[in-house]
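Peer 1: Here you go, one structure.
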Amino acid sequence: MSWAGPDEILLSTSLAGFLDKKLIVLLRDGRKLLGTLCSFDQFANVVIQGACERVIVGEQYCDVPLGLYVIRGENVVLIGELDREKDELPAHMTCVSEAEIRKAEKAEKEARDLKGTMRKRMEFLDFD
């Protein structure tokens, strides 16, 4: 039986190629985190340095700073590298403050909830 050397182990681990690179991490609850990958383990638990949460509502966005962030692997849906030289967002997106984006999030949630309650009220109508 032959054992893999340290170089072969490093190459077989897919996250090793992302170390010290800027990433986007999509979480199970829909949040998007950006930052630099510092460390990871076999369970895909990751440590992100300089992390920020990218909040997008309509055509507005805000990067909420989080600092050093540890993410449990079971919450990770996707990890991808960001190109440092390209713009990350389309030109029509507007950067706003954290207070403004939270207000927009709340308004969007209220509109979604109202739409759901209106749909429930209209269920008794049979359009067929």
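Peer 1: Of all residues in the stretch 56-72, count the ones that are assigned to a strand (DSSP E or B) and either touching a Phe, Trp or Tyr at 6+ places or on another chain (Cβ under 9 Å) or closer than 13 Å to residue 27 by Cβ (or both).
Peer 2: 4
Peer 1: While we're here: For a quick check of your reading of the model, give me the residue pairs whose first member lies in the stretch 105-124 and is in a helix (DSSP H, G or I), whose second is modelled with pLDDT of 70 or more and open to solvent by less than 80 Å² (accessible area, probe 1.4 Å), with beta-carbon atoms closer than 8 Å and at least 6 apart or on different chains.
Peer 2: If the second residue must be modelled with pLDDT of 70 or more and open to solvent by less than 80 Å² (accessible area, probe 1.4 Å), the pairs left are 105/55; 105/57; 108/57; 108/58.
Peer 1: Kindly evaluate residue 73 against the criterion of being at positive phi and not polar (S, T, N, Q).
Peer 2: When the stated conditions are applied, residue 73 does not pass them.
Peer 1: Among 70, 64, which is the only one that is in contact (Cβ under 8 Å) with a residue 24 or more places away in the chain and within 19 Å of residue 90 (Cα to Cα)?
Peer 2: Answer to the selection: 64.
Each row is one residue, and each column tells you yes or no for (1) in a strand (DSSP E or B); (2) farther than 21 Å from residue 17 by Cβ; (3) in contact (Cβ under 8 Å) with a residue 40 or more places away in the chain; (4) in contact with a strand residue (DSSP E or B) (Cβ under 7 Å, 6 or more places away or on another chain).
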site: 44; (1), (2), (3), (4): no, no, no, yes
site: 54; (1), (2), (3), (4): yes, yes, no, yes
site: 74; (1), (2), (3), (4): no, yes, yes, no
site: 77; (1), (2), (3), (4): yes, no, yes, yes
site: 80; (1), (2), (3), (4): yes, no, yes, yes
site: 92; (1), (2), (3), (4): no, yes, no, no
site: 101; (1), (2), (3), (4): no, yes, yes, yes
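Peer 1: Hey, another quick one. Across the stretch 14-41, which residue is most open to solvent (accessible area, probe 1.4 Å) among those that are more than 15 Å from residue 81 (Cβ to Cβ) and not hydrophobic (A, V, I, L, M, F, W, C)?
Peer 2: The extreme case among them is 28.
The values are calculated or read from the model by the stated rules, or taken from the named source; none is laboratory data. It should be emphasised that the depicted structure is a prediction, and the values quoted were computed from it without experimental measurement. Backbone-built Cβ (ideal geometry, glycine too); neighbour counts: all protein chains shown. Calculation scope for accessible area: heavy atoms of the full protein, side chains included, ligands and nucleic acids excluded. Shrake-Rupley method; radii C 1.70, N 1.55, O 1.52, S 1.80 Å.
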